[in-house]
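Scroll down for the structure; my scribbles are underneath it.
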Amino acid sequence: MSDALLSEDERRFRDSVRAFAEKEIMPNAARWDAEERYPRQLLRRFGDLGWLGTAFPEEVGGSGGGAVMYALLCSELARGSAAIALGMYVHTALAGAAVLHLGTTAQKQAVLPRALKGEIALCWAYAEAGAGADVSTVATRARREGDFYVLDGAKLYITNSPFADVFIIVASTAPEQGLKGLSLFLVEKGTPGLAVGPHLRKLGMGASEMAEIVLQGCRVPASGLLGAEGRGFIQAMKVLSLGRVASAAFGVGLGRAAMEAATAYGRDRVQFGQPIVRHQFVRFTLADMATRLEAAWQMTLHAAGLIDAGLPFDKEASMAKLFASETCAWVCERGLHLGGAQGHMRDSAAQRYYRDCKVIEIGEGTSEIQRETIARNLGI
Ligand SMILES: Cc1cc2nc3c(=O)[nH]c(=O)nc-3n(C[C@H](O)[C@H](O)[C@H](O)COP(=O)(O)OP(=O)(O)OC[C@H]3O[C@@H](n4cnc5c(N)ncnc54)[C@H](O)[C@@H]3O)c2cc1C
């Protein structure tokens, strides 16, 4: 990938994440996927290395940097294992960033320094059985009772929830107002009325863990309200700027891993008297992979650069996320195809990449939602 325009600091950072991913993540990625567990100690390692604090200010325990640095982190981790990158991103770009942007000083100090060291794990609980793309259908309720809010409902598909210490929960404080009645709550593990269901099995991203969260008369102190009552979710959508850029970066990192695996296989595999990379169809497929991934990466860096420059980024972030996730899906499918029967085998990396890629088109706003956002920005 062409990173020619990165600064010296950015390049050094990219190289250190890449070296870590190659040494500590890649050799274990298949095992973690098969075991369906997130190696929780990795969050601690990332915290020690200062990586969880990327794009967080020093006063809350962050290490500075911005969206470009964060994109480099996501891309290099996803090249090692997309599932590892996913758990890290939920912890930082969703839950951590919500606390950073919407939290009171007390909330930030209670959560962020420990979270950015990896001492505690965070999750972001928005989705429900009936609430996906349409956020106005959130059914979890929060009603005020004296100095508490009482939460009732259930959250589904919540990454990191099996080992999370702090849950950011989206609940409605004014059901009749739909989206405008949605509030955010900081809820600690062990709060009576909060229960995490059994591990949910997935097609891909095996090494990330998810579960359902059930809230039954869960009493949260009023000081756990994050952001303004009835406005928290809308506020969060305005300030959580890293999400789509992070997803785009996952797509590029995972796509690169798939392309590298396909290239290595194609150099070794001999058919018709020569390595299959000598056959024009294979060469052209690899050339198309490289071209599309390069375009996706430049779009990702551009969107991240806009965020860092404080410029409007909504359209460009959606374009990068849409293009990178669909490119990644295409590259992973073609990568498996170039592996023939070997790619189809359960122990091949190609099949893991093929299973992992799909969710990047679904999470953080599906491709259709990104197209809606782009069209809206075009004034259509
Ligand atoms: C691996 C994984 C991890 C996840 N982690 C989390 C997490 O940590 N926290 C969390 O809150 N959620 C999480 N989710 C859930 C995620 O937020 C939802 O999958 C996402 O919001 C989409 O909702 P849905 O799956 O219900 O799809 P739906 O909204 O039901 O959409 C189904 C299909 O209909 C299409 N569609 C819907 N509306 C429109 C429209 N207006 N126009 C055109 N097409 C439309 C969609 O694009 C999609 O193709 C995770 C999901 C997965 C798979």
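Please go through segment 307-322 and give me each residue that is part of a helix (DSSP H, G or I) and buried (at least 21 other Cβ atoms within 10 Å of the Cβ), ordered by number. Answer for segment 307-322, where residues must be part of a helix (DSSP H, G or I) and buried (at least 21 other Cβ atoms within 10 Å of the Cβ): I307, E316, A317, S318, M319, A320, K321, L322. As for segment 355-363, it holds at least one residue that is in contact with an Asp or Glu (Cβ under 7 Å, 6 or more places away or on another chain) and either over 26 Å from A317 (Cβ atoms) or among the acidic types (D, E) (or both).
Here the helices (runs of 4 or more DSSP H) wholly within segment 49-150 that include at least 2 residues being within 11 Å of the ligand (Cβ to nearest atom), touching a Phe, Trp or Tyr at 6+ places or on another chain (Cβ under 8 Å) and under 26 Å from W297 (Cα atoms) are 82-89. Looking across segment 26-48, the residues that are under 25 Å from L112 (Cβ atoms) and in contact (Cβ under 8 Å) with a residue 12 or more places away in the chain come down to Y38, P39, R40, L42, L43, R44, R45, F46, G47, D48.
For segment 151-161, taking the residues that are within 13 Å of the ligand (Cβ to nearest atom) and in contact (Cβ under 8 Å) with a residue 60 or more places away in the chain, the one that is surrounded by the fewest Cβ atoms within 10 Å (Cβ to Cβ) is identified as A154. Scanning segment 150-181 for residues being over 22 Å from the mean Cα position of the chain (by Cα) and not hydroxyl-bearing (S, T, Y) gives a total of 12. Candidates are the residues of segment 331-367 that are open to solvent by 60 Å² or more (accessible area, probe 1.4 Å), more than 16 Å from the chain's Cα centre (by Cα) and of a type outside the set (A, V, I, L, M); the one that is nearest to the ligand (Cβ to nearest atom) is Y354. Quick check on segment 112-119. Is at least one of its residues closer than 30 Å to E361 by Cβ, touching a residue at least 60 places away in the same chain (Cβ under 8 Å) and open to solvent by 30 Å² or more (accessible area, probe 1.4 Å)? No, segment 112-119 has no match at all. Taking the criterion of being among the small types (G, A, S) and within 16 Å of the ligand (Cβ to nearest atom), the residues of segment 200-245 that qualify are G204, G206, A207, S208, A211, G232, A236, G243. The residues in segment 2-41 that are open to solvent by less than 30 Å² (accessible area, probe 1.4 Å), of a type in the set (G, A, S) and either out of contact with any helix residue (DSSP H, G or I) (no Cβ under 6 Å at 6 or more places or on another chain) or not in a helix (DSSP H, G or I) (or both) can be counted, and the count is 1.
Summed over segment 368-380, residues that are surrounded by fewer than 14 Cβ atoms within 10 Å (Cβ to Cβ) and either within 15 Å of the ligand (Cβ to nearest atom) or closer than 30 Å to A264 by Cβ (or both) total 4. Quick one: is A55 touching a helix residue (DSSP H, G or I) at 6+ places or on another chain (Cβ under 9 Å), more than 19 Å from D308 (Cα to Cα) and open to solvent by 10 Å² or more (accessible area, probe 1.4 Å)? For A55, the condition - touching a helix residue (DSSP H, G or I) at 6+ places or on another chain (Cβ under 9 Å), more than 19 Å from D308 (Cα to Cα) and open to solvent by 10 Å² or more (accessible area, probe 1.4 Å) - is not met.
Has segment 81-88 got at least one residue that is at pLDDT 95 or above, more than 23 Å from Q351 (Cα to Cα) and open to solvent by 10 Å² or more (accessible area, probe 1.4 Å)? No, that holds for no residue. Here is the figure for segment 257-275: residues that are in a helix (DSSP H, G or I) and open to solvent by 20 Å² or more (accessible area, probe 1.4 Å) total 8. Within segment 352-380, residues that are under 15 Å from W330 (Cβ atoms) reach partners that are of a type in the set (D, E, K, R) with beta carbons closer than 7 Å, at six or more positions or on different chains, in the pairs Y354/E333; E361/E326; S367/E326; S367/E361. Considering only segment 299-313, I want to know if a residue exists there that is touching a helix residue (DSSP H, G or I) at 6+ places or on another chain (Cβ under 6 Å) and closer than 24 Å to M26 by Cα. Scanning segment 299-313, I find at least one residue that is touching a helix residue (DSSP H, G or I) at 6+ places or on another chain (Cβ under 6 Å) and closer than 24 Å to M26 by Cα, so the answer is yes. The listed residues are E333, E316, and the only one of them that is under 29 Å from R283 (Cα atoms) and either among the charged types (D, E, K, R) or free of Cβ contacts under 8 Å to residues at least 24 places away in the same chain (or both) turns out to be E333. Where strands (runs of 3 or more DSSP E) sit wholly within segment 175-221, those with at least 1 residues that are among the charged types (D, E, K, R), open to solvent by 10 Å² or more (accessible area, probe 1.4 Å) and farther than 25 Å from A29 by Cα occupy 182-188, 210-221.
The values are calculated or read from the model by the stated rules, or taken from the named source; none is laboratory data. Just so you know, these numbers come straight off a predicted model, no measurement behind them. Counting neighbours? That spans all protein chains shown, and the Cβs are built from the backbone with ideal geometry, glycine included. Ligands, DNA and RNA are excluded from the accessible area calculation, which covers all protein heavy atoms including side chains. Shrake-Rupley method; radii C 1.70, N 1.55, O 1.52, S 1.80 Å.
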